[in-house]
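Below you'll find the structure, written out as C-alpha cells, and then a few comments.
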Amino acid sequence: MIGERTIWVAALPSTNQFLKENWQRLPNGTVVVAEYQSAGRGRYNRFWHSPEGGLWFSVLFKPRKQIKPIFFTKLCSVAIVRALSSMKIDVRIKWPNDLYYDKKKLAGILTEGIFEENTLRAVIVGIGINVNNDIPKELKYKAIALSQILSRTFDLKVLLKMILKQVNQLLKRYWSKPEALTRVWKGLLLQKEGMEVSFIYEDQVKTGKIVRIEDDKIHILTEGQELSVSSLEILDS
C-alpha cells in the first residue's frame, strides 16, 4: 500500500535524495514529506523552490518486475490530475511530467531509477506541488499555487491522502496493463499529435510538429527530419 508508511519531517535538503540514500532499508510504498527543502531539484538538475506551505514529497517504489520508470511518472501525474479534478480544478500535463493550470506551472515530477547490474531495484518519484506557499515575484508570470486558484488554504495532509488514494487505485488498475495507463496519460497531455511546438534541442530553440507520442518517446518533425527523443524541454506557449 503506497503511503502506509509516511515519514513527515520539518526540513530536508531533498526528499528524493533522502530516499536514494535509504531505499534499501525502507519498504515499498514509503512516502517522505518535507515541509521545506533546501536543495529540491527538478528536471535537468534545476533548483526547485520549496518553501513552507507547499507539498514536497517523494514516493519509493520497489517493483518486483522489470518496468520502465516512466510508468511511475505517468501513474503519479494522472493521480494528481484526478485528485484535483475532484475539487473542480482542471489540471493538464505538460509532456512528460509537469502539471499546469491555466498556462501556469502548478506542480512538477522528477522520477529517478536505481539500477544494480542493469536490473531495476527501485524507483523514486519526487513530487512538488505549489499549495499554500507564496510564488516568488520572478516566477508569478509562469507559476501558480492551489491557494491562488481556490482562494483558500489547504490541509497538506488531506491533500496528500487524496493523491495517494488515487495512486493506489491507478496502480491496482494499470500495473498489469501499462499501455492502458499510457492512453489515459496521453489524453491528459497539453501537447497533442499534430501540434506545433517550440522546444530546446542540443542547446538550440527549435520549432516543429509533433508526429507521434509513444510510451516513453516523442517524435517531432523539424527542419525536414524526425527527432525521436525520450527527454526534451518543450517551451511554454
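Values as computed for the structure displayed
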| item | result |
| --- | --- |
| Region 48-102-region 204-237 distance, computed between alpha-carbon centres (Å) | 22 Å |
| Inter-probe distance in nm under a simple model that places probes 7 Å from Cα toward Cβ, at R5 and K20 | 2.1 nm |
| Distance histogram for the chain (every C-alpha pair counted, 10 angstrom bins, percent rounded to whole numbers) | 7, 32, 37, 20, 3, 0 |
| Selected from I149, G187, M162, residue furthest toward positive end of dipole (region 145-234; charges at beta carbon) | M162 |
| Distance violations [Cα-Cα > 19 Å] among K140/K165; K74/K94; K74/K172; K105/K140; K94/K157 | K140/K165; K94/K157 |
| FRET efficiency, K157 to D236 (Cβ-Cβ, R0 25 Å, nearest 0.05) | 0.20 |
| Relative contact order (%) - the chain, alpha-carbon pairs under 8 angstrom, separation at least six | 16 percent |
| Of the DSSP H helices in the chain, those whose Cα atoms cover at least 24 Å axially and whose Kyte score averages 0.0 or more | 156-174 |
| Counting all C-alpha pairs of region 172-237, share separated by more than 18 Å (%) | 38 percent |
| Hz values of 3J(HN,Hα) by residue in region 55-62 - Karplus curve (6.51, -1.76, 1.60), Gly and Pro given as x | 9, 10, 8, 10, 10, 9, 10, 10 |
| Efficiency of FRET between S228 and S85 - r from beta-carbon atoms, R0 25 angstrom, step 0.05 | 0.20 |
| Segment D203-R173, extension gain: residue separation times 0.36 nm, minus the distance between their alpha carbons | 6.9 nm |
| Residue among I149, I127, I93 with the largest mean-square fluctuation in a Gaussian network model of the chain, springs linking Cα atoms under 10 Å | I149 |
| Max mean-square fluctuation residue, GNM over the chain, Cα-Cα springs under 10 Å, options S38, S198, S86 | S86 |
| Derived scalar couplings ³J(HN,Hα) [region 145-153; Karplus, 6.51 cos²θ - 1.76 cosθ + 1.60; whole Hz; x for Gly, Pro] | 10, 4, 5, 6, 5, 9, 6, 7, 8 |
| Unit charges on C-beta of K, R, D, E only; dipole of region 129-220, Debye | 500 debye |
| Percentage relative contact order, region 148-237, counting C-alpha pairs under 8 Å, at least six apart | 18 percent |
| Ellipsoid semi-axes in whole angstrom, largest first, where each is sqrt(5λ) of the Cα gyration tensor of region 101-237 | 28, 24, 15 |
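The numbers here are math on the coordinates, done by the rules we state, and not lab data. In this text, all values refer to a predicted model and were calculated from it rather than measured experimentally. All Cβ positions, even for glycine, are placed from backbone atoms using ideal geometry, and neighbour counts span all protein chains on display.
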